[in-house]
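For reference, the structure is listed below as structure tokens.
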Amino acid sequence: MMGLTTFIKLALALLVTSYLARGLGVELFGELMLYLAIATLAALPINFGINTYIMKEMPRRSSRGTFITSSFSFKAISSSLYFLFIFILMYIIDFDINTLAFLLLFASILVESCTSYFLTCLRSCGQFKLDLKFSTFSSIVYLVAIYGVLIYSKSLAIVALSFFISRLICLFLVMKLSSSYLSNFGFIYNKKLILWFYRSRFFALDSIFSSVHGNMDSIILNNKLGVSAVGFYQSGLKLYLTALQVAAVFSNVFLPRASRAYGTLTFKKEVLLLQISFLILSLIVFIIFSSLSEFIVSIIYGPNFSKLILLMPYFGLLAAQRFIIASLGIVLTSAGAQAFRTKCNAINLFIIIISSFLFLPITSIQDWFELLLITNLLLFLMYYFWVLYNGFFSLRVFAFQLLLIAYIIGDLNQVG
């Protein structure tokens, strides 16, 4: 059921991206994606890794009422404070049309974060059919909003307004649905709320590092190569992120299972199963991106984005790496090593930022890909040594993974 939900969401999300890219063109699409990346980074404090923490902890809880109440209080209070920050920002910033577009995108991300929280609670309580229905409806709302707006205007502010209104409609709907199925929403104002900040701090840091890692590329490429490079890169990145959503589905399946099995004899079997599953997925994704690049680009983006065809194999290589790394990340999280995972991601992010500005000249998008592939290999090795040290790993699976990553790095010469 979760897989079907994700498939529908991905298909409709690709339609939205396709229509946006075709309707706006490379330059305006790149500008919109740049604003969206900056807005996502600005909204980092609102997420705080709460969704991952809920998916990990909910299966272990005998009493879910207190857990849902405390998580809802935490999300509601933090979201309200950040919405207040938006309104204050509106008064102190000298307004122009670009500022308005940014603030609307900023607000839409905050609203979507709240929607994602409610959906996570529903999934953790087994309401997958409801999740499927809502995800289908919300994706159609987004698509209709974008389609309707681009018929009349290509203004970034109007497009951003359609983002905000469509997401606000979906938030009200999911709140209504959640109140019917989850009866434990309420507020608390005691030390349990403070404990949420403490217990989810490493999930928050990991979420922050992941978000920075996924959005800083637009800012760096805009600084080095201009907004057109952002347009081409982001169009490919949307396909890459679509592929990674498959990994998210598998993570939502394996993380609760591995968390329940941790400390028992079945934990190693769970680890082996998820390793093999993610390895197979990484191979499939790489083959699709490298062999069907021209077909995919022509169908989704059209002739104006033909330069993206040369970049597609790079996105496939990167996605294959991230699948393998994600499988190890699940092992770390389920084994209670979120702090170590967070530190590894911090080191990885630091190396990328320092290298891109100080050591490695970024003269093309391919240079950026090479940097990401090398740093991903370092992250993989850090994860691997922890898992190997704790005896949770199969050397045969690792051999296949290492060979795949070696092939991925070596294949860059043929791709370039």
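The values are calculated or read from the model by the stated rules, or taken from the named source; none is laboratory data. Small disclaimer: the values here were computed from a predicted structure and weren't measured. Cβ atoms come from the backbone with ideal geometry, glycine included; neighbour counts cover every protein chain shown.
Inspect all residues belonging to the range 222-240 and state whether any of them is part of a helix (DSSP H, G or I), of a type in the set (Lys, Arg), surrounded by fewer than 18 Cβ atoms within 10 Å (Cβ to Cβ) and not assigned by TED's automatic domain parsing to the domain that holds Ser116. Yes: one or more hits. Of everything listed in (1) surrounded by fewer than 19 Cβ atoms within 10 Å (Cβ to Cβ); (2) at pLDDT below 80; (3) out of contact with any Pro (no Cβ under 8 Å at 6 or more places or on another chain), the single unmet condition for Pro59 is (3).
Close contacts from the range 332-352, counting a first residue that is assigned by TED's automatic domain parsing to the domain that holds Leu381 and a second that is among the β-branched types (Val, Ile, Thr), with Cβ to Cβ under 7 Å and a gap of 6+ residues or different chains, come to Arg341/Thr333; Asn348/Thr375; Leu349/Val212; Ile351/Thr375; Ile352/Thr375. Answer with yes or no whether Phe29 is in a helix (DSSP H, G or I), in contact with a helix residue (DSSP H, G or I) (Cβ under 9 Å, 6 or more places away or on another chain) and modelled with pLDDT under 75. No: the conditions fail for Phe29. Summed over the range 294-312, residues that are assigned to a helix (DSSP H, G or I) and crowded, with 21+ Cβ neighbours inside 10 Å total 4. Would you pick out the residues in the range 138-174 that are of a type in the set (S, T, N, Q) and over 22 Å from Val26 (Cβ atoms)? Hits for the range 138-174 are Ser138, Ser139, Ser166. For the range 354-377, filtering for residues that are surrounded by 14 or more Cβ atoms within 10 Å (Cβ to Cβ) and outside any loop (DSSP other than H, G, I, E, B) leaves 15.
Please indicate, with yes or no, whether at least one residue in the range 63-71 is in a loop (DSSP other than H, G, I, E, B), more than 18 Å from Tyr35 (Cα to Cα) and modelled with pLDDT under 65. Let's see the steps before the verdict.
Step one: of the range 63-71, the residues in a loop (DSSP other than H, G, I, E, B) are 63.
Then drop every residue that is not more than 18 Å from Tyr35 (Cα to Cα), which leaves 63.
Still in the list and also modelled with pLDDT under 65: 63.
Checked the range 63-71: at least one residue is in a loop (DSSP other than H, G, I, E, B), more than 18 Å from Tyr35 (Cα to Cα) and modelled with pLDDT under 65.
Matching residues to (1) in contact with a Pro (Cβ under 9 Å, 6 or more places away or on another chain); (2) buried (at least 19 other Cβ atoms within 10 Å of the Cβ); (3) at pLDDT 65 or above; (4) charged (D, E, K, R):
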| site | (1), (2), (3), (4) |
| --- | --- |
| Ser18 | no, no, yes, no |
| Phe95 | no, no, no, no |
| Leu100 | no, no, yes, no |
| Phe106 | no, yes, yes, no |
